[in-house]
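These notes concern the structure reproduced below.
The values are calculated or read from the model by the stated rules, or taken from the named source; none is laboratory data. What you see is a predicted model; the values in this text were computed from it and never measured. A quick note on method: Cβ atoms are made from the backbone with ideal geometry, for glycine too, and the neighbour counts reach across all protein chains shown.
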Amino acid sequence: MVSAVPLKNSDLPKGFRLFGLRCGISSKPGKKDLALFWSDRPARAAGVFTKNLFSAAPVQYCQKKLKVSAAAQAVIINSGCANACTGKPGMADTVWTAKELAAALGIKATDVLVASTGVIGRHLPRPALGRGIKQMAGLVRKGTPSTEDAVRAIMTTDTRPKAARTTFAVGSTVYTVWGCAKGAGMIHPNMATMLSVVLTDAPISAQPLQQSLSDVVKRTFNCVSVDGDTSTNDSLFLLSNGEGIRGDIRPLSSKGLNDFRSALEEVCLSLSTQIAVDGEGATRLAWIFVQGARTEKDAHQLAATVATSALFKTALHGADPNWGRILAAIGRAGVSFDPNKVDVSIGDVLVCRKGGKAHYSEKVVHSILKKDHVTIVIDLHQGKAWSRYATCDYSKEYITINADYTT
């Protein structure tokens, strides 16, 4: 299980402050529903977004904005309303949000990134949002940040806040990478269904910042699935403000950039794992490892097919050592391999050898599958490539949560 998350103001990279409050967008009584991620100086920004054709207005807005300019000083996120499938009025609401926040904070509207999460098809209530923006600007001026309030404000069906932090050193200078995420349902790659903001005080220029994020996402957020559904609002932002050094901001050296990428991957892997752990109704996390594949693409496709198999996920919930469901899943994945060479292990127990049943105790495997964290290893014995994928079980609670989501 994931350890306690870093939610103190002192956990953040230098020059960043977070704020969260309730303005009345969410229908949940008392729930904070508006968050601001603020950099004291203009930062460079990168983003990765959903590939769903029904992408929400704020997704479309931010994609266009980042193509024009990689500068950003604020990210504003509301929960309770996705502002998706809302047509031209929805885009107008997004543009209005950016302009209102910029005016209240004395910055350019082009330096504001916007994200929303919640129910699809509903319009943002401008009066409530406008009040919230004014209150948020007041908090910024007063200098009263709350990292935890901001992280909780972006949550919807999440049962817990999700954040991660690490540091890396370049010479005698220590930089911080911190990130948070929301996501528990409609989680699937392209990219994983969620909202996330990652911050660093390291000096990274725009092109390597975007390249680093796009590369890391492939091995982290795009390797997690809760239910196979890709949402309309997926957004992952990465901001670099260079506050970790004094004076002029000079980009990191090649070695420093590699160290940054490693730190970024560590944070993103933690966040994506926390999402899988908190999957709606989930009782256990499973890591699917596929090794011995001809290519990484093949390994990824095989692992993804198992991770999204409803039959596998229900067996996982029941701690049923039915390895046949694993073979059935990889057999339909569209990847060519020799079935007579496949081995499958659950935990440290070999349950399938060369495509057939191995000698093992079902009682022992059942006890392994009842643990909070389960590892499945599939070895094709076809090559040297591998991939990993995080998923969780399907439970009755998942059905209840999603059957009653809007009613």
Qualifying residues in segment 180-226 (those that are at pLDDT below 75 and among the β-branched types (Val, Ile, Thr)) - the one farthest from THR391 (Cα to Cα): THR193
Whichever residue in segment 364-389 is buried (at least 17 other Cβ atoms within 10 Å of the Cβ) and polar (S, T, N, Q) and, among such residues, is farthest from ALA276 (Cα to Cα): GLN382
Residue pairs meeting the criteria (Cβ under 7 Å; at least 6 apart or on separate chains; first farther than 18 Å from LYS182 by Cα, in segment 29-41; second modelled with pLDDT under 95 and surrounded by fewer than 24 Cβ atoms within 10 Å (Cβ to Cβ)): ARG41/GLU243
Candidates GLY143, GLY138, GLY106, GLY118, filtered to the one that is under 16 Å from ALA74 (Cβ atoms) and either modelled with pLDDT under 95 or outside the structural domain of ALA35 (by TED's automatic domain parsing) (or both): GLY143
Criterion violated by ARG250 - all others in (1) within 24 Å of ALA181 (Cβ to Cβ); (2) modelled with pLDDT under 95; (3) not aromatic (Phe, Trp, Tyr) satisfied: (1)
Tally of residues being in a helix (DSSP H, G or I), crowded, with 20+ Cβ neighbours inside 10 Å and either among the small types (Gly, Ala, Ser) or modelled with pLDDT under 90 (or both) across segment 280-315: 6
Pair list, Cβ < 6 Å and 6+ apart or interchain, from segment 365-392 residues that are assigned by TED's automatic domain parsing to the domain that holds LYS218 to residues that are modelled with pLDDT of 95 or more and of a type in the set (Asp, Glu): none
Residues within segment 322-363 that are part of a helix (DSSP H, G or I), in contact (Cβ under 8 Å) with a residue 40 or more places away in the chain, touching a Leu at 6+ places or on another chain (Cβ under 9 Å) and surrounded by 15 or more Cβ atoms within 10 Å (Cβ to Cβ), tallied: 1
